Amino acid sequence: MSKPFYITTAIDYVNGQPHLGHAYEKIIADVAARARRSLGQEAFFLTGLDEHGQKVQQAAVANGKAPQVYCDELAALWKAFAARLDLTNNDFVRTTEPRHKEVVQKILSKLYAQGHFYKELYRGFYSLREETFLTERDRLPDGAFDPAYGEVVELEEENYYFKLKPHQTWLIDYIENNPSFVSPDYHRNGVLGFLRNNVLEDLCISRPISRLNWGIPLPFDPNFVTYVWFDALVNYVSVPAALADPTVLGALNHQPTTTNDRLSLWPADVHVIGKDILKFHSVYWPMMLKAMGLPLPKQILVHGWWQKDGQKLSKSTGNIVDPIAVIDQWGVDAFRFYVLRELDIGPDGNWTDAGFSARYSAELANGLGNLVNRSLSMLKRYRNGLVPPLANELAPDAENAAAQTRALLEQNQLQGALQAIWSLVTRANQYVDHTAPFKLAKDPSKAGRLDEVLYNLAELCRILAVLLWPFLPGTAAKMYAQLGLSGVPDKFSAARWGALTPSQTIGTLAPLFPRKDD
Ligand code: MSP
């Protein structure tokens, strides 16, 4: 059984509508998964929803619905959203599904039996919004708690705790010895600094049902449900367990109740997450896995946060970007292109409508769209749509760009890969300007040269389609169809010069990115 490249996203809280930040993360993972498949590797891409906990329970109450009914309704909307983004996820996990809940309970039972948990009375402060206990260290210099914690209440309650201290030195060593475990580097350094300078507080893994009942019951104490993060993180192994992954089943000594597949997925290759949830993924999750006896994921790939017009995205102030509205107006590929081209994985980004339409016109309509349109229109007009004999002038440029793109995709450097592809677009547009095929066409003695130029352009468009496939699948497919080729350009190996067959007829032409000058 070969192990597919296993990539995940954070699972989103189902307490509202999807926004730009959610879309961005899912597109990163989709492009990375498509790229692996194109490069010949099998890939398994998992995304889904985090449906338990206080946030979701409160949202359900606010909507006058039972939590499960509320989750079911919103889950349909989020799944439709994934389809609208053209995601190729292989599964979609919901934490209220039996296949997930049974694995969470199995893990809790195992760790409880092995003495990883203890019960204790807690007295102190609790943030309702963040569902987290606060300590004196969480106070600002003026003594107040950060407004980001929302309402803070004093609590006295018993709970179960997961012992973290035994794993602290091990985790520091692990991160030091595995430099690519947290990427980019500055996030890795942040995690190491945190671990070296703090003695970890044990993690509270329960909530009393008297306060919160929307969660997975602790199998060893019916008065408690599982803390939402302990539940949510497990999705990364509960889906493999449900698909009979031998590593997970072996460690948990578990048999899924229903299984028709048998896939070897764990350890994950990449967890794509936002910077705000790095501590959960780089500190708590590795310790949970260690306690379970499972290997760690190979990489936690951390992206930054989007703002709009320099301000935080916020429903209440109306400062939002609605991905669906953008897609309706500009097309899904333009949206996928903009978010990955504008923002590298790591730093924070800023959406402006002006920036979006500027990139649309310069890079999509005038750059790629114009290149394909004029190259193929001239082929139609001057050669009746018949591909001329093989010529090689642009082969080195195309092969260079393909090699660079491949290397960047293998390192999940998606913005860099788009830049490499666009240097080829620019090179080809310059080639049209320099060779001036419209002038060659007027001089019958230049017919041979015109053939060469037209072949070079058509073949370059074909290679561009292959390189673009992971990013702009709809556009890449249209480019193939306009070239008169069947199928979709989903195999990177097709980016080799000379595959376009002379005498073949090209297809019907239409602008890829209509200009929006109105
Ligand atoms: N449910 C938890 C994750 C559990 S993963 C085991 C959660 N959900 S969330 O809906 O609040 O966030 C989901 C993802 O969206 C996170 O990775 C988060 O960083 C990302 N984003 C939320 N807002 C964002 C921006 N404004 N910009 C970019 N990404 C952002 O946390």
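All of the numbers you see were taken from the coordinates with simple rules; none came from a lab. Small disclaimer: the values here were computed from a predicted structure and weren't measured. No Cβ is skipped: glycine too gets one built from the backbone with ideal geometry, and neighbour counts run over all protein chains shown.
Just how large is the dipole of the chain about the Cα centre, in debye to the nearest 20, putting +1 at every Lys and Arg Cβ and -1 at every Asp and Glu Cβ?
Using only the charged Cβ atoms, the result is roughly 1480 debye.
Quick one: what do you get for segment 417-518 if you divide its Cα Rg by 2.2 N^0.38 Å?
Details: Rg = 14.5 Å, N = 102, 2.2 N^0.38 = 12.8 Å.
Cα Rg divided by the expected 2.2 N^0.38 Å: 1.14.
Could I have the simple spin-label model distance between ASN198 and GLN411, label points 7 Å from Cα toward Cβ, reported in nm to one decimal?
3.1
Taking the highest mean first, how do the peptides 458-468, 173-183, 101-111 order by number of other beta carbon atoms within 10 angstrom per residue?
The peptides rank, most packed first, as 458-468, 101-111, 173-183.
Can you say what percent of the DSSP beta bridges in the chain, counting only those with both residues inside, are antiparallel? Round to 5. Write down the numbers at each step before the final one.
Numbers: 26 of 49 bridges.
So the antiparallel bridges in the chain amount to around 55 percent.
Given the peptides 75-85, 482-492, 277-287, 44-54, arrange them by the average over their residues of other C-beta atoms within 10 Å, most packed first.
Ranking, from highest mean packing down: 44-54, 277-287, 482-492, 75-85.
Where the centre of each part is set by its Cα atoms, how far does segment 387-424 sit from segment 154-180, in angstrom?
Their Cα centres are 44 Å away from one another.
So, by mean Cβ neighbours within 10 angstrom, what's the order for 304-314, 437-447 with the highest one leading?
304-314, 437-447
Subtracting the Cα-Cα distance from 0.36 nm times the residue separation, let me have the gained length for LYS119 to LYS446 in nm, one decimal. Could the numbers behind the result be given before it?
Values: separation 327, 0.36 × 327 = 117.72 nm, distance 8.64 nm.
Contour length minus the Cα-Cα distance gives 109.1 nm.
Could you pull the Rg and Dmax for the chain, using just the Cα atoms, both in Å?
Taking only Cα atoms of the chain, I get Rg and Dmax of 26.3, 93 Å.
Assuming R0 = 56 Å, what is the FRET efficiency of ASP146 and SER180, from their Cβ-Cβ distance, to the nearest 0.05?
Numbers: r = 32 Å, r/R0 = 0.57.
That gives a FRET efficiency of 0.95.
If I take all pairs of Cα atoms in segment 267-347, what percentage of them are more than 15 Å from each other?
Distances greater than 15 Å cover 69 percent of the Cα pairs.
Would segment 254-413 count as rounded, prolate or oblate if I go by the C-alpha gyration tensor, calling it rounded below 1.5 in a/c and otherwise prolate when a/b exceeds b/c, oblate otherwise?
Note, shape of segment 254-413 comes out oblate.
Between segment 304-335 and segment 493-518, what is the separation of their alpha carbon centroids in Å?
Result: 31 Å between the Cα centres.
Neighbour counts of other C-beta atoms within 10 Å: give me ARG207, ARG196 arranged from fewest to most. Working shown, then result.
Details: ARG207 24, ARG196 11.
Taking fewest neighbouring Cβ atoms as first place, the list is ARG196, ARG207.
From the Cα gyration tensor of segment 70-224, with a ≥ b ≥ c the square roots of its eigenvalues, which class applies: rounded if a/c is under 1.5, or else prolate if a/b is larger than b/c, or else oblate?
rounded
Mind running the shape call on segment 393-451? Use the C-alpha gyration tensor, a ≥ b ≥ c as the square roots of the eigenvalues: rounded below 1.5 for a/c, prolate if a/b tops b/c, oblate otherwise.
prolate
With the crude spin-label approximation of a point 7 Å out along Cα→Cβ, what separation in nm comes out for LYS163 versus ASN223?
2.3
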